[in-house]
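Participant: What follows is a single structure, and I will ask about it in a moment.
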């Protein structure tokens, strides 16, 4: 009995200690995710190149990196593009998941994550003296791919014939195909043919862009792609963008297409699930504007049911048409805003969105 | 055969009780000695010290020094070494900061495995120039470091920084696991017991930060203070949710001897990675400052923005890391070749 009593006491003490120490030392917890030791990261292949795998300790990140989606798109970056002098891969492709994307591109990751990112594969190539890096981002939808593409459009970029949404700069090519966004970047300006050759080789392995929603092609539904509804007169070239989240800095204002006009105004359009959601988004943005100093003005001359708000040197108009929220953002004066709003409203009605 | 030493029930209970009593005493002693706060951070990364203060003692409590050199683009490609020498001369010469026998740590931005002409990382010419000048000033050792998280070897190789360091006789310190210890930022809310590259500071007497000037999607701008992010290990991307807060804490994690901001080519858009030459603009400017906050405030002007557009600058000033009014340092503005 005595020994049983002692053992029971021991168990009680052990339980007490465990209870007192149930919070693990945070220093130990975070130290477990310290960076991988040198030499390990570069050792062959995407899996071991995980880097922040932290010497095999960060198994969760490692597993996240090897998602089937990530592995799948890695295979889309070819070992070589066809033709003599065409890009040849320097190493296996590396893959990144939502959990690890920032390991590769740091703060830029949030741009993709906010738009709807699922996986990324990248691979280095050599073509002559040029080093070329290809980054293939798989997004959740064609709209998400367009958001990533349009959010980074470089002024002065030229249209590449490779895709409807394909922009070529001095040293880089950016395009979307379906829900994939591709960047091909050279370290010099004389590699354009190699960029296009490699992009073509990657495109050959991607699903056809047909049936995609958004600006890349025909809509998956019977809807007209939103960018087609913006009035063409005065529209700045390549100015249509998609803000997936927090459009105009308004938290909760989502999936907003914008188009810039020569007159200085920006038209916006967001197609919602139903009319109630469109009205709710309009109310949200209206409140955001008044909270930030805009005053409601007389709506005379504005589209039916529209609200007109103004602050010094900036006029906003917003209205709903069926399940669409539309309006004019930051017009320099009331007349310009009213003209742009009327043109946009006419476009929406022509597209049947008043229903 | 019967055991001559067969244990009686009474003996067994007595011995078991004795053994249990000894064990109980041991556990009781352990419980009495239990430190509920856990082990303190290591000496290298104690909360009191952060990563260390490497500012010149004579500048404590006094305005810092700053010089801005502009190269004439008509004179050809800007010579970073010449610009650096001119700027250093204007703040008293490198000899005022690096003494014979000093062990100098150069913190670079090697965050991405990209070519130097994409402007996303510290330019290797600047690394080579500063390393060589430190050696000339009598430094006993010059080391170059950063923690790029993903594939550090590739980052240092492709950026040209590894080569530049080697040619200048500087030691490249890759972020090996044993160099990280848990550190608290003084007064920090976010950086508590966080794995930090403290091992790179072992024996270091001077810290010089070499940073490009870049747009940054999350932070607004990446210059000197954001460069400190490279001292962090672990899953540091969790701090992106409070990027300004963590940069302000990084600002007091350490105090550099000198900050060099390379605005020869500035990444105006699509940072911090860029990718297209269209993201870059030749500004032909290089700045040296003893005050990292002032340096960043000036850098915002190179980006065509106000210091207020990067909230971490005001937060770093409030935390005592420096002053956002760089003009209060009465900086020298110099034209190279003039």
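Coordinate-derived values only; no laboratory data. Computed from a predicted structure; not experimentally measured. All Cβ positions, glycine included, derive from the backbone under ideal geometry; neighbour counts span all protein chains shown.
Participant: Over 14 Å, how big is the tail of the calculated P(r) for the range B:258-338, in percent of all Cα pairs?
Facilitator: 65
Participant: In addition: In whole Å, what three semi-axes, largest first, describe the equivalent ellipsoid of the range A:55-208 built from its Cα gyration tensor (square root of 5 times each eigenvalue)?
Facilitator: Ellipsoid half-lengths, sorted descending, are 24, 19, 14 Å.
Participant: Could you give the C-alpha radius of gyration of the range B:149-269 expressed as a fraction of 2.2 N^0.38 Å, taking N as the number of residues it contains?
Facilitator: Relative to the 2.2 N^0.38 Å estimate, the range B:149-269 comes out at 1.08.
Participant: I've got another one for you. Taking only the alpha-carbon positions of the range B:49-126 and ignoring solvent, what does the Debye formula give for the base-10 log of I(q)/I(0) at q = 0.13, 0.16 Å⁻¹?
Facilitator: Computed log10 I(q)/I(0) values: -0.60, -0.87.
Participant: Place a point 7 Å from the Cα of residue A:290 along the Cα-to-Cβ direction; which residues of the range A:236-254 have their backbone N under 19 Å from it?
Facilitator: The answer is A:250-253.
Participant: Sorted by average packing, counted as other Cβ atoms within 10 angstrom per residue and highest first, what order do A:192-202, B:86-96 take?
Facilitator: A:192-202, B:86-96
Participant: Also, quick follow-up: Across the protein assembly as shown, how large is the tail of the calculated P(r) beyond 52 Å, expressed as a percent of all Cα pairs?
Facilitator: Percent of Cα pairs beyond 52 Å in the protein assembly as shown: 21.
Participant: Under the definition of partner shielding as Cβ atoms of other protein chains within 10 Å of a residue Cβ, what is the mean value for peptide B:111-123?
Facilitator: Taking all residues of B:111-123 together, the mean is 3.
Participant: At 222 nm, what value in deg cm²/dmol follows for the protein assembly as shown if DSSP H runs of at least 4 each add -39500 (n - 2.57) and the sum is divided by all its residues, to the nearest 500?
Facilitator: -9000 deg cm²/dmol
Participant: Once you have the Kirkwood Rh of chain B from its Cα pairs, apply Stokes-Einstein at 37 °C and 0.692 mPa s and quote D in µm²/s.
Facilitator: 154
Participant: I've got another one for you. Averaged over its residues, how many other protein chain Cβ atoms are within 10 Å of peptide B:15-21's Cβ atoms?
Facilitator: So the per-residue partner count for this stretch is 4.
Participant: Points 7 angstrom from Cα along the Cβ direction at residue B:59 and residue A:335: gap in nanometres?
Facilitator: Here the modelled spin labels are 5.6 nm apart.
Participant: Could you give the angle, 0 to 90 degrees to the nearest 10, between helix B:292-302's Cα long axis and the longest principal axis of the Cα atoms of chain B?
Facilitator: So the helix axis and the longest Cα principal axis differ by about 40 degrees.
Participant: If you take the Cα atoms of the range A:231-355, find Rg, then find the Kirkwood Rh from the mean of 1/r over all pairs, what is Rg/Rh?
Facilitator: Across the range A:231-355, the Cα-based Rg/Rh ratio is 0.92.
Participant: Just tell me how shielded B:141-153 is by partners: mean number of partner chain Cβ atoms within 10 Å of each residue's Cβ, no decimals.
Facilitator: 5
Participant: Taking springs between alpha-carbon atoms closer than 10 angstrom, which of B:141, B:241, B:317 fluctuates most in the Gaussian network model of chain B?
Facilitator: In this elastic network of chain B, the residue with the biggest mean-square fluctuation among B:141, B:241, B:317 is B:241.
Participant: Starting from one equal scatterer on each C-alpha and no solvent at all, send me the Debye-based log10 I(q)/I(0) for the range B:229-283 at q = 0.25, 0.27 Å⁻¹, two decimals.
Facilitator: The Cα Debye sum returns log10 ratios of -1.02, -1.03.
Participant: Using packing as a proxy for protection, rank A:70-76, B:255-261, A:110-116 so that the peptide with the highest average count of other Cβ atoms within 10 Å comes first.
Facilitator: B:255-261, A:110-116, A:70-76
Participant: Something else about it: Which percent of the Cα-Cα distances in the range A:107-192 go past 20 Å?
Facilitator: Roughly 33 percent, rounded to a whole number.
Participant: What span do the alpha-carbon atoms of the range B:132-218 cover on each of the three principal axes, reported in whole Å from largest to smallest?
Facilitator: Largest to smallest, the principal-axis extents are 40, 31, 26 Å.
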